[in-house]
Amino acid sequence: MKITRNLSAAFILFISIQLGAHSQSQTAMNKQAGNQYQKADKELNAVYQKILKEYAKQTVFIAKLKTAQRLWVQLRDAELEAKFPEPNQYGSALPSCRAIYLEDLTRQRTKFLRTWLNGIPEGDVCNGSVKMKR
């Protein structure tokens, strides 16, 4: 019984040390989440710029895409405010939570926009302005 208790205590100590070695402060976690969002935002902007370049001759499409993108930014911001409507109620993790949510929304938008770069299968009669894959 004494050996079991000693092993249990040693195991708990080992786990505590391991967790302590990998734990971060809330400030560090907030910064990391912010960096991940910034990375996703850069990727979104790169995809958006490639679309503008690749479809440059389709001026009507480009104008409508720019309008859609401006409206998406407004929607993204409104969704963020709806998700966290009262900032004082969420504690010190709020910056992380906001950044994680923004990253998720941004990655979804990037995936959606990438369709214009990757194209869609030939034969899709509803392709609209999206090019066909070759």
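The values are calculated or read from the model by the stated rules, or taken from the named source; none is laboratory data. Just so you know, these numbers come straight off a predicted model, no measurement behind them. Cβ: placed from backbone, ideal geometry, glycine included. Neighbour counts: every protein chain shown.
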**Request:** Scan (1) of a type outside the set (Phe, Trp, Tyr); (2) at pLDDT 95 or above; (3) under 23 Å from residue 29 (Cβ atoms) for the single condition residue 74 breaks and write down its number.
**Result:** (3)
**When residues of segment 36-77 are limited to those that are small (Gly, Ala, Ser) and under 16 Å from residue 112 (Cβ atoms), the one nearest to the chain's Cα centre (by Cα)** = 40
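A quick yes/no check of all residues on (1) outside any helix (DSSP H, G or I); (2) of a type in the set (Phe, Trp, Tyr); (3) without any contact (Cβ under 8 Å) to a residue 12 or more places away in the chain; (4) surrounded by 10 or more Cβ atoms within 10 Å (Cβ to Cβ):
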| site | (1), (2), (3), (4) |
| --- | --- |
| 51 | no, no, no, yes |
| 57 | yes, no, yes, no |
| 63 | no, no, yes, yes |
| 68 | no, no, yes, yes |
| 71 | no, no, yes, yes |
| 75 | no, no, yes, yes |
| 78 | no, no, yes, yes |
| 81 | no, no, yes, yes |
| 88 | no, no, yes, no |
**Prompt:** Of (1) at pLDDT below 95; (2) within 14 Å of the chain's Cα centre (by Cα), residue 106 satisfies all except one. Which?
**Reply:** (1)
**Asked** Mind checking which residues of segment 105-133 are more than 19 Å from residue 53 (Cα to Cα) and not acidic (Asp, Glu)?
**Response** 105, 106, 107, 108, 121, 123, 125, 126, 127
